[in-house]
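Encoded as structure tokens, the structure appears first; notes follow it.
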Amino acid sequence: MVNVEAAYLGKPIITFNSGGVAEIMQEGMGKVVESWNVEDLVNSMIDLMEGRIEINKDKMRQRALDFDAPKMYQEWEMLMDTLN
């Protein structure tokens with residue numbers, strides 16, 4: 001949820017690949033660091049601060065809305081209906 005909230009607020013996301021964040025992330029939102037190496041995470045933060053990672057706040061907000069609770073509940077219901 002932290003990454004969805006950050007996206008809604010237009011805050012860049014630099015993170016290790018944990019907790020499903022790779023499913024949320026799209027181009028223009030930040031970067032998922034696959035290596036689990038802290039130095040790589042720090043270098044990605046520096047890349048962001050120096051403008052080498054582009055951020056699109058409008059795209060981030062739209063993506064966050066894809067995970068809105070009522071929408072996710074509806075998708076869950078549809079999934080459960082397919083199992084009956």
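The values are calculated or read from the model by the stated rules, or taken from the named source; none is laboratory data. Remember, it's a predicted structure, so these values are computed and weren't measured experimentally. A quick note on method: Cβ atoms are made from the backbone with ideal geometry, for glycine too, and the neighbour counts reach across all protein chains shown. Remember, those area values only see protein heavy atoms, side chains included, never the ligands or the DNA or RNA. Shrake-Rupley method; radii C 1.70, N 1.55, O 1.52, S 1.80 Å.
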- request: Please work out if Asp58 is out of contact with any Leu (no Cβ under 8 Å at 6 or more places or on another chain), at pLDDT 95 or above, among the charged types (D, E, K, R) and loosely packed, with under 12 Cβ neighbours inside 10 Å.
  value: yes
- request: Among what's in the range 1-27 and is under 14 Å from Leu65 (Cα atoms) and in contact with a helix residue (DSSP H, G or I) (Cβ under 7 Å, 6 or more places away or on another chain), pick the residue that is most open to solvent (accessible area, probe 1.4 Å).
  value: Tyr8
message: Taking the condition of being closer than 20 Å to Val2 by Cβ and either among the charged types (D, E, K, R) or open to solvent by 60 Å² or more (accessible area, probe 1.4 Å) (or both), how many residues in the range 28-39 meet it?
response: 4
